[in-house]
Each structure stands twice: as structure tokens, then as C-alpha cells.
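The values are calculated or read from the model by the stated rules, or taken from the named source; none is laboratory data. Since this is a predicted model, take the numbers as computed values, not measurements. Ideal geometry is used to build each Cβ from the backbone, glycine not excepted, and the neighbour counts take in all protein chains shown. Side chains included, ligands, DNA and RNA excluded: accessible areas come from the protein's heavy atoms. Shrake-Rupley method; radii C 1.70, N 1.55, O 1.52, S 1.80 Å.
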Amino acid sequence: MSRNNPLYEGKAKILYEGPEPGTIIQYFKDDTTAGNGEKHEVISGKGVLNNRISEYLLTALEEIGINTHFIKTLNMREQLVKAVEIIPIEVVVRNITAGSLAKRFGVDEGIVLPQPIIEYYLKSDKLNDPMVTREHITTFEWAIEEELEEIGRIALRVNDFLTGLFKSVKIRLVDFKLEFGRVYDEEGNIYILVADEISPDSCRLWDVETGQKLDKDLFRRNEGDIAKAYHEVARRLGIIDGDNNVIDEEKGNVQPITPVVKTNPSPITKNKNPKKDK
Ligand code: UDP
């Protein structure tokens, strides 16, 4: 579907105004980037797969009472989400050493951590997403203490849940990145929601038996075909039928969307910031 006037175009997604106030349409592109945009390719079908995988995972989180921005899938490449004020922090949860953690501390990849590690990175392409501490986050007012408490609590719950979910399809959840948004009610109370996407673009996923990578590292490191790997993730999760490696956007070889029963979120702060009214 072609739409006019994007609100925002990122490296892998475009955001458009939604049909009702407080909603946004999130369009998943096939563009794939690494190294802050230095490596770029268009990989046919990737956006369709990420749309469906993210829908599946965010819906599963809603079902266990974790509030997300997801409302519904509109078509093969678009989902309707709640408009949120994005907290400009990428929250990374790690279970096994890999990527920048292994590089930064000079440790091997693949070491199982005794407990999950949470890291925070400032969302800034200009600054190359520097790692920050909780003190930086509160000092520079990117988020308040209560929000960070809630974010940490949600991140670990998401980690526990997704670790089990992926384990059931013989995939190890090595690490992943979450983004969070805030919404306000009429009284100015703040609610924290999981936002953006959860997909093999934002997770490291290794096959339990072979150690085969099923995520964006294949692209980052020129080690294989990510469309095929993401398809395999979707197939194991039961989102896509059959063994064909091509997503047919016309036919839409995907299963119907399950309706989600939404829970009533409770606010984390009582009217801390009454000037903001959204
Ligand atoms: N990640 C992401 N977006 C980013 C940076 C990281 O989704 O801008 C994800 C990445 O896919 C991995 C996890 O966060 O699952 C940890 O990434 P890491 O810090 O190791 O960085 P990388 O080496 O991937 O750049």
C-alpha cells in the first residue's frame, strides 16, 4: 500500500499517521543496514517476515500481561500501533556473550552468563549509540528513576518469556534489544509500553543443536542469507506454513491474526509531570 507523508523514516521502518488520533502505522521495509547504516542492502521479503514475527512476539507478550504498543496487523508490511513518546534509550538484554559485549571486554562469544545483563545505549545515530549508565539516563532526563525501574522489570520478564518461547522451538535467545515508549492518561499518569519491534533484526538467535545463526549477524558478518534464516524462525514459531523460502505477498501464506485480550495497565507514576498532556 502506498501512503503519503511519512511522520518518520528510519533505516528499516517508516511511520505514518494512523487512522485515529493516538495511532501510528508502522511499515516494515526490506532495507537492511548494519554499522550505523554503513552497510546497506534491500533483502526481498525481510520486511514481511519481521512484520509477522514482531506481531507474533508482541501479541504473545500482551497475552502474559506485558503492555506493548501493538494494536493489530493491517497487512503484510504494516501494523497499527499506539503513538507513544519514545524513550531515547535502547535496552539490551544479554544471556550469552556475543557482539559488542564480547568485543568490548575481549571475551569469547558463546559463554553463558550466570545471570542476564541489562545494558543501556543512547539512541543517537550521530553519536553512534553510545553505551550509557542509569545515572546518565536520569541526569540527562531521558527517563526518570521510576520509569527505569519499570523498564528493567519488563525487560527481564520479556527475557524470561522469550527465552522459553524460543527454547521450545530449539532456538537460543542470545541477546536482544528493546525500545520503550511512554503514554499519558488525562491525569498525566505515565504508562510504559514495549515499542518498536522484536524480530531477528533486533535479537541474536542461535539454533540449539547446530549453533547456526538465525539473525541479522548473518548480514552484518556476510555469513549467509537472512531472508532464509528469518523464514526459518517464522516457520519454527508456526507463523508460516510449509518449506517454501519465499513469502508471496499477494497470497499471503501466513496464518490469521489471533485477537488479543488487552489487560488494563496500571500507571507507574502518579502525575509526576502534569505539563505533558497526551
Ligand atoms: N541491536 C539492535 N539495534 C542496535 C544495536 C543492537 O537491535 O542498534 C541488537 C542486536 O541485534 C543484538 C543486541 O542488540 O541482538 C546486542 O547488540 P550488540 O550490542 O552486540 O551490538 P552489535 O555488535 O550487534 O552492533
> Considering only segment 135-156, how many residues are open to solvent by 80 Å² or more (accessible area, probe 1.4 Å) and either touching a Ser or Thr at 6+ places or on another chain (Cβ under 7 Å) or outside any helix (DSSP H, G or I) (or both)?
Replying inline: 3
>> Quick check on my filter: what residues within segment 129-141 are over 19 Å from the mean Cα position of the chain (by Cα) and either within 16 Å of the ligand (Cβ to nearest atom) or acidic (Asp, Glu) (or both)?
In response: VAL132, THR133, GLU135, GLU141
>> Just to be sure before I move on: is ASP108 touching a helix residue (DSSP H, G or I) at 6+ places or on another chain (Cβ under 9 Å) and either free of Cβ contacts under 8 Å to residues at least 40 places away in the same chain or over 20 Å from LEU57 (Cα atoms) (or both) in the structure I sent?
In response: yes
>> Give me the residue from segment 1-19 that is farther than 22 Å from VAL183 by Cβ and over 20 Å from the mean Cα position of the chain (by Cα) and, out of that set, most open to solvent (accessible area, probe 1.4 Å).
In response: MET1
> Would segment 168-184 turn up any residue that is out of contact with any Pro (no Cβ under 9 Å at 6 or more places or on another chain) and on the phi > 0 side of the Ramachandran plot?
Replying inline: yes
> Among all residue pairs at least 6 apart or on different chains, which show Cβ distances below 9 Å where the first residue, located in segment 139-158, is of a type in the set (Val, Ile, Thr) and the second is exposed (fewer than 14 other Cβ atoms within 10 Å of the Cβ)?
Replying inline: ILE144/ASN273
> Do you know which of the residues in segment 111-134 that are without any contact (Cβ under 8 Å) to a residue 24 or more places away in the chain and charged (D, E, K, R) is surrounded by the most Cβ atoms within 10 Å (Cβ to Cβ)?
Replying inline: ARG134
> Across segment 170-188, what is the number of residues that are buried (at least 18 other Cβ atoms within 10 Å of the Cβ) and away from the ligand (no atom under 14 Å from the Cβ)?
Replying inline: 4
>> Can you tell me which of (1) under 19 Å from PHE28 (Cβ atoms); (2) within 13 Å of the ligand (Cβ to nearest atom); (3) open to solvent by less than 10 Å² (accessible area, probe 1.4 Å); (4) not small (Gly, Ala, Ser) is the one ASN159 doesn't meet?
In response: (1)
>> Being within 13 Å of ILE89 (Cβ to Cβ) and of a type in the set (D, E, K, R) narrows it down to one residue among GLU141, GLU146; which is it?
In response: GLU141
>> What are the pairs with Cβ atoms under 7 angstrom where one residue, in segment 200-225, is under 20 Å from LEU178 (Cβ atoms) and open to solvent by 10 Å² or more (accessible area, probe 1.4 Å) and the other, located anywhere, is modelled with pLDDT under 95 and within 8 Å of the ligand (Cβ to nearest atom)? Sequence gap at least six, or different chains.
In response: none
> If you check GLU197 against the conditions, is it among the charged types (D, E, K, R), part of a loop (DSSP other than H, G, I, E, B), away from the ligand (no atom under 12 Å from the Cβ) and modelled with pLDDT of 95 or more?
Replying inline: no
> Which members of segment 20-66 meet the condition of being open to solvent by less than 30 Å² (accessible area, probe 1.4 Å), without any contact (Cβ under 8 Å) to a residue 60 or more places away in the chain and within 15 Å of the chain's Cα centre (by Cα)?
Replying inline: LYS29, GLY47, ASN51
>> Among the residues in segment 73-82, are any at pLDDT below 95 and surrounded by fewer than 19 Cβ atoms within 10 Å (Cβ to Cβ)?
In response: no
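Residue by residue, here is whether (1) within 11 Å of the ligand (Cβ to nearest atom); (2) farther than 19 Å from ALA12 by Cβ holds:
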position: LEU61; (1), (2): no, yes
position: GLY65; (1), (2): no, yes
position: THR73; (1), (2): no, no
position: ARG77; (1), (2): no, no
position: LEU101; (1), (2): yes, yes
position: VAL107; (1), (2): no, yes
position: VAL112; (1), (2): no, yes
position: TYR121; (1), (2): yes, no
> Out of all the residues in segment 213-233, which are touching a Gly at 6+ places or on another chain (Cβ under 9 Å) and within 16 Å of the ligand (Cβ to nearest atom)?
Replying inline: LYS213, ASP217, LEU218, ARG220, TYR230
